[in-house]
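I have placed the structure first, in the form of structure tokens, so that the comments after it can refer back to it.
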Amino acid sequence: MGVTVTEKAGVFLRRMIRFNGGDEGAGIRLIVKPGGCSGLSYDMELALQPLPTDRIFPGPGFALHIPEECLGYVDGSEIDFEDNMMNTQLVFKNPNATSSCGCGTSFNVEGGPAPAEGGCSKKGSGH
């Protein structure tokens, strides 16, 4: 299945790639880590190249890198972008989330083990 990124979110994320020094080949790495109001939270970082455990999904104008050990938490999700008088933020529509917080970046899954301290791998090591 994977994770999809809407065009509106793609515009925002491409801007974040450029602002963080990424070039045309850079992407975004999406990880899940312990934290937030609901127990788990989304985190993103610049992905200059794939890590050994990364699964790569096409985004609108960039590649979305998701460490394999994080995929079960976000598989089937859609990342959208909201920009209105009240909020300017990425919005995660995650079918695996059994609960989430009003902040939009914290969630939990039923029966799933929590990621190790520090979250799913940022370095491809599982820690």
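Read-outs: derived from the displayed coordinates by stated rules, not from any lab. Fair warning: this is a prediction, and the values are worked out from it, not measured in the lab. Note: ideal-geometry Cβ built from the backbone for every residue, glycine included; neighbour counts use all protein chains shown.
A few remarks follow.
- Couplings 3J(HN,Hα) of segment 59-66, computed from phi: x, x, x, 6, 9, 9, 9, 10 Hz, in residue order, whole Hz [Karplus 6.51 cos²θ - 1.76 cosθ + 1.60, θ = phi - 60°; x for Gly and Pro].
- Segment 4-108 - percent relative contact order, Cα under 8 Å, separation 6 or more: 30 percent
- Within-12-Å neighbourhood charge of N94 [Cβ basis; K, R +1; D, E -1]: -2
- Per-residue ³J(HN,Hα) for segment 72-77, Karplus 6.51 cos²θ - 1.76 cosθ + 1.60, θ = phi - 60°, Hz, x for Gly and Pro: x, 7, 10, 4, x, 7
- Relative exposure of E68, E24, judged by other C-beta atoms within 10 Å (fewest first): E24, E68
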